[in-house]
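Chemist: I am attaching a structure below and will ask some questions about it afterwards.
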Amino acid sequence: MKLRALAALLFVAAFTGCATHLSYIPPAPGVALQQSSKVGLLVALDSTAKHVHVGTTVFNNFTRDWQLPFDLAAHAGESFAGRLRASGFKVVRLDPAVVPPREVDALIVPEWGEWQENPEQAAILRSLKDEQGLAALVVVHGERIRRDPACAGGPCSEFVNLPTGLYTRSYLTMRNFKPVQGMKFKAVADIETRVFLLSPPADLSVYEPFAGVARNRVIDAFVHPADYRNMSSEELQPVADWIRTYVDRMAEETAVVLAGR
């Protein structure tokens, strides 16, 4: 429990940057928005995924672009909006060209153990809450995941920023006393979901279930491709399926939390 609390504390600190008065995360508020409450939805995602490979040596590393077989932003928008509407909320779609995610990614911050409106984003918060009448704001946007590509429990010093797509790691291992090449396949969703309650203010993203959802997954049953440098759409389909499933899960969790179910 102490480790989870510490992890959540660091999670908040990473988003609030210079919040010098951060002492601890406020207790999770009771949330149950009224039916027909307005919920803002801001989605900013790119459908161009990447295959990032880290080889046994740096000379084997590469990055390849590949197009997801569906429009990621459109699917996320439909998934979140559909589940929010099914929970009785009125969804207000926000244009990322007008409201960039970076201008609303810290609307609510912890201050001395309480959630407070961030004065640095106060103007846009007033617009969302007072002028548009939003009770909550959901922000779904790309946020790179930092992972150690080779860490297996010891000191970890090498990190890569993983975008949405496929991350592969090749390594040498011993089999029958002979060195053989091994490979790990991991699906990645660099998709961050922020859920802000505007009145009373709270950042629900730091609590369960959001804090405990992994944004990457090793695909144990992944079929080794004939050429892992140039994988076909069929070979990449399990990765695309997992990314879609991840988006749908976050959409469902968001609707459940805001409805207080």
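Chemist: If only one of Val31, Val43 is surrounded by 14 or more Cβ atoms within 10 Å (Cβ to Cβ), at pLDDT 80 or above and in a loop (DSSP other than H, G, I, E, B), which one is it?
Modeler: Answer to the selection: Val31.
Chemist: Related question: In the stretch 111-131, which residues are part of a loop (DSSP other than H, G, I, E, B) and either open to solvent by less than 30 Å² (accessible area, probe 1.4 Å) or at pLDDT 95 or above (or both)?
Modeler: Gly113, Asn118, listed by residue number.
Chemist: Shifting gears a bit: Report yes if Ala106 is under 21 Å from the mean Cα position of the chain (by Cα), open to solvent by less than 70 Å² (accessible area, probe 1.4 Å) and over 17 Å from Ala251 (Cα atoms), otherwise no.
Modeler: So Ala106 fits the description; yes.
Chemist: Please list, ordered by first then second residue, the pairs with beta carbon atoms under 6 Å, 6 or more apart or interchain, first in the stretch 134-147 and at pLDDT 95 or above, second open to solvent by 10 Å² or more (accessible area, probe 1.4 Å) and not in a strand (DSSP E or B).
Modeler: As it stands, the answer is Ala135/Leu33; Ala135/Ser37; Val139/Pro101, since those pairs meet every condition given.
Chemist: Continuing with the same structure: With the condition kept exactly as written, say whether any residue in the stretch 234-255 is of a type in the set (Ser, Thr, Tyr), touching a strand residue (DSSP E or B) at 6+ places or on another chain (Cβ under 8 Å) and open to solvent by 50 Å² or more (accessible area, probe 1.4 Å).
Modeler: No, the stretch 234-255 has no match at all.
Chemist: Oh, and also: Are any residues in the stretch 54-95 part of a helix (DSSP H, G or I), over 14 Å from Lys38 (Cα atoms) and open to solvent by less than 20 Å² (accessible area, probe 1.4 Å), and if so, which ones?
Modeler: Residues satisfying the conditions are Leu72, Ala76, Gly77, Ser79.
Chemist: Quick one: which strands (runs of 3 or more DSSP E) sit completely within the stretch 180-261 and have at least 1 residues that are charged (D, E, K, R), in contact with a Gly (Cβ under 9 Å, 6 or more places away or on another chain) and under 21 Å from Gly82 (Cα atoms)?
Modeler: 191-198
The values are calculated or read from the model by the stated rules, or taken from the named source; none is laboratory data. Source: prediction; values computed, not measured. We place every Cβ from the backbone using ideal geometry, glycine too, and count neighbours over all the protein chains shown. For accessibility, only protein heavy atoms count, side chains too; no ligands or nucleic acids. Shrake-Rupley method; radii C 1.70, N 1.55, O 1.52, S 1.80 Å.
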